[in-house]
Amino acid sequence: MFAYIIRRLLYAIPILIGVNLITFLLFFMVNTPDDMARAQLGAKQVTPELIQSWKVKRGYDKPLFINIQADGTLATLTQTLFVQESLKLFAFEFGASDAGRDIGSDIKQRMWPSLELALPTFIIALITNISLALLLVLFRGSALDTSMMVIAVMIMSISGLFYIIAGQVVFSKLWHWVPISGFETGWGGIKFIILPVLLGVFAGLGAGVRWYRSIFLEQINQDYVRTARAKGLSELKVLFGHVLRNGMLPILTGVVVVIPTLFMGSLIMESFFGIPGLGSYTIDAINSQDFAIVKAMVFLGAVLYIIGLILTDISYTLFDPRVKLS
Amino acid sequence: MKLTFLWTDIMVWLLVFSLIAWGWVVLRSPQVRKQWQLIFQSAIAISCAIVLLTYLFFALLDSVHMRFAVEPDKTAQASTQTPPNETQYQGEMVSLLDLLFSHRIKQTERTYSAPFATHEHGKSIVVDDQSGLSKQEYLPLKYATTDLKNGKSHSFDIFQKSFAALLIGLMISILIIASHIKWRSHLQHRCFNTQLQHIWQGKTLLPWRTAYSTLLVIIVIFTWLYYLSYSYHVLGTDKVGGDVLYHSLKSIRTGVLIGILTTLVMLPVAIMLGISAGLFGGWIDDIIQYLYTTLNSIPGVLLIAAAVLVMQVTMDNNPQWFETTQERSDLRLVFLIMILGITSWTGLCRLLRAETLKISQVEFVTAAKAFGVSKFAIIRRHIMPNLMHIILISVVLDFSGLVLAEAVLSYVGVGVDPTTHSWGNMINQARLEMAREPMVWWSLFSAFIFMFVLVLAANLFSDRIQTVLDPRNNT
């Protein structure tokens, strides 16, 4: 088991290098630091001196890969943009944002509000979707099933933005049930969280129920289900004891991978509801064209996703007796 | 007048023509013909297809751009001796849709007004000339309804015009439907009346009755909207007094283009890499797998955001790439489509690789290999036909996702240019409008309806395609 995890971790390294190269390519080669400086300073009163000082201040004044001016053999390779700006990401040293703040401590601070919103959404959505899907499978082919599937397609066809705007208008502006936006730590903050969580669950309901339903329906036509029925098991027992248990495997693939990325938060939810998490952090960075933050978030997102992949593989070995570690 | 082509115009027409050519080639195979017949045998599928075609029609109408000659100024011409055969063209491009709605482009109001309103939405301060007192009142709109003066009530006027529009709409649709029935009856060597009877009783193979009723409803609705747009702002006006109906119709092009052109960019890459990974194996497979795992591990929105940010800066630093603001926003749309294409080929590629791997193990492919058939011939004859259903399903599934993604991306600030008409931009503005007192709901409502119908139709249609084409469902 241990060796397996180590091997999976080693396999992640080339992928992370690839991600690193992509961000480097995007942020330093397609777009040179000169371009960034020009965009940040505003196109009108840019002088070469201003650009130079902007670059020096942020350490962007180094060459891309090889520094000929530096003395010493090692410094030729380390005093470069690639090493200083890109490879340091591997040590989770994100450096300072273009506005001068420390990205690492910002991320540490903003990760928890994101999680506070994303985790309840994730858990409630998982439970609701699976139970609704099981209900529909139990009554498959009935009028309930058909009408719920039609509703599911309709829920799917509406942009998430509409749910948020409509939810804010109805529940906050007209009915004054919850405050429109804001954030507070501790139990007092629940009034801020509840609306975005419910909206998030509802917006994902259509696609979720359809996906779980198709997974369960695939199981229900299998031979072992027929055998279980032939044994005289009740439909409910078949459903929970056999269909749900065997459906867990495809569900795991889709679900476990998401868990680490919950830290990243939701871009639109957080910015609509004023939650100081990583999602709104990213949006603010995009709007102020802060390349250092976007670069850090891209890398962080990829790391979390890869962790999710590894967790998926490990959970497979735990839940599926057929998978042997080899 | 001369025709001008934006980049996206060229792309979309290219796509349409290649689709027609592809359809013409593919439909010669009786098997494929039967499959498509099966798809359209569902009443929902056929009406969804008609809705989708309507959207495509508007997108194409909006993709024919032209420039008009500047009207020669007589006094200027007399003084400056310009050669008469050289015509000057206006800087602004106009599409066919703009021509249809030219009355609503020129006639902008001052600010917000509700659908069918005759007065502005908010009160403004008016200073009375005689007494010098200022008071707040609702100002009348400049371009709403001209003939209310002779004693007709507002609602009666709307009713009367709606009735006229209904009649015109019915006439147009009956004309179209009748000519189609005539054509079909001619094809099937039946007389017109029997054909009509068959359709009326629902005896035809394809559910033409539903198709015709959908068409009828669509045509009647659009005639109504268009007819009334001459005397009212049917869906209200926005902050600067622009007509919301016109904005929503212009947004169709952006949504549809992002939906279909992204596929155009993505498909060749996904197909080529997917097939070569599955077929050649070895180090080629390793590299391609590494490529898509890496791209896939970056969260989609972040990768798109990063690429768009970079693209913005590049465009700001290269102003020589475009001449007008229209060309600028068009170029941005092209880049956005490319970025979406680059980030979205991975899923399809993975599916195609797995399927190719499966097919290349099957006996007929092994036999072909043993006979020394070239790789290219194997791909063309054995692999591509067996991958078609996966490609088709994923294209139609992606379409609705991309239309929805446009809205989110525009909200995040990495979508289309702020000057481009798009549902995302409309929603973005509407967000602030909902906070106003009294609420301005119609922009959001229009964007919602137009988007919802498109995405719903696409989703239902893709469901049908999936049930028919997916071999797992045929067991």
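FYI, it's all coordinate maths here, none of it is from the lab. It should be emphasised that the depicted structure is a prediction, and the values quoted were computed from it without experimental measurement. No Cβ is skipped: glycine too gets one built from the backbone with ideal geometry, and neighbour counts run over all protein chains shown.
If only the Cβ of Lys and Arg carry +1 and only the Cβ of Asp and Glu carry -1, the dipole of segment B:421-475 around its Cα centre is close to 60 debye. With θ taken as phi - 60° and the Karplus curve 6.51 cos²θ - 1.76 cosθ + 1.60 applied, the whole-hertz 3J(HN,Hα) list for segment A:177-189 is 6, 9, x, 5, 7, x, 7, 8, 7, x, 5, x, x Hz, x standing for glycine and proline. Placing unit charges on each Cβ (+1 for Lys and Arg, -1 for Asp and Glu) gives chain B a dipole about its Cα centre, and among B:233, B:108, B:166 the Cα reaching farthest toward its positive end belongs to B:166. Scanning chain B for GluC sites (Glu not before Pro) lying in DSSP loops with no more than 12 further Cβ atoms inside 10 Å, the longest uninterrupted stretch between such sites is B:93-322.
Pairs over the 19 Å Cα-Cα cut-off, from the set B:106/B:161; A:55/A:108; A:88/A:295: B:106/B:161; A:55/A:108. Count Lys and Arg as plus one, Asp and Glu as minus one, and take only other residues whose Cβ is under 13 Å from that of residue B:261; the net charge is then -3.
Taking the Cα centre as origin and putting +1 on Lys and Arg beta-carbons and -1 on Asp and Glu beta-carbons, what dipole magnitude results for chain A, to the nearest 20 debye? It works out to roughly 960 debye.
Normalised by the number of residues in chain B, the average gap of Cα pairs under 8 Å and 6 or more apart makes the relative contact order 20 percent. Toward the positive end of the charge dipole of chain B, with +1 on the Cβ of Lys and Arg and -1 on the Cβ of Asp and Glu, the farthest Cα among B:418, B:197, B:400 is that of B:197.
Annotation for segment A:235-326: trypsin sites (Lys or Arg not before Pro) lying in DSSP loop with at most 11 further Cβ atoms inside 10 Å of their Cβ are A:322, A:324. Taken about its Cα centre, the protein assembly as shown carries a charge dipole of about 2740 debye when Lys and Arg each add +1 at the Cβ and Asp and Glu each add -1 at the Cβ. From the alpha carbon centroid of segment A:173-252 to that of segment B:328-401 is 33 Å. Take each residue in A:160-169, count the other chain C-beta atoms within 10 Å of its C-beta, and the mean is 5. The angle between the Cα long axis of helix B:384-412 and the longest principal axis of the Cα atoms of chain B comes to about 30 degrees, rounded to the nearest 10. Taking amide H positions as modeled 1.01 Å from N, with prolines and chain starts lacking one, the residues under 5 Å from residue B:95 and 5 or more places away or on another chain are B:66. Under 30 Å of direct C-alpha separation, and excluding same-chain neighbours fewer than eight residues apart, residue B:375 reaches these lysines: B:34, B:358. Sparsely packed loop sites in segment A:171-229 (the chymotrypsin sites (Phe, Trp or Tyr not before Pro) outside DSSP H, G, I, E and B with at most 12 other Cβ atoms within 10 Å) comprise A:175, A:177.
Cross-link reach is defined here as a Cα-Cα straight distance under 17 Å, omitting same-chain residues fewer than 8 places apart; for residue A:57 the aspartates and glutamates meeting it are A:34, A:35, A:49, A:85, A:98, A:102, A:290.
Of all alpha-carbon pairs in the protein assembly as shown, indicate the percentage at a distance above 44 angstrom. Above the 44 Å cut-off, the protein assembly as shown has 37 percent of its Cα pairs.
Principal axis extents of the Cα atoms in chain B, from largest to smallest and rounded to whole angstrom, are 99, 66, 57.
The distance separating the Cα centre of segment B:457-471 from that of segment A:290-325 comes to 32 Å. Its Cα gyration tensor gives segment B:145-231 an equivalent ellipsoid; the semi-axes, largest first and in whole Å, are 37, 11, 10. Here is what passes the span test in chain A: the DSSP H helices with alpha carbon length of 30 Å or more along the helix axis and a Kyte-Doolittle mean of 1.0 or above are A:2-24, A:103-138, A:190-220, A:291-319.
Shape class of chain A from the alpha-carbon gyration tensor: oblate, with a/c at 1.5 or above and b/c at least as large as a/b. For residue B:89, nonlocal amide neighbours, meaning residues 5 or more places apart or on other chains whose placed amide H falls under 5 Å from its own, are B:70. Altogether, the Stokes-Einstein calculation at 20 °C and 1.002 mPa s, with the Kirkwood radius of segment B:252-469 over Cα pairs as Rh, returns a diffusion coefficient of 110 µm²/s.
Comparing A:148, A:111, A:29 in a Gaussian network model of chain A where C-alpha atoms under 10 Å apart are linked, the largest mean-square fluctuation is found at A:29.
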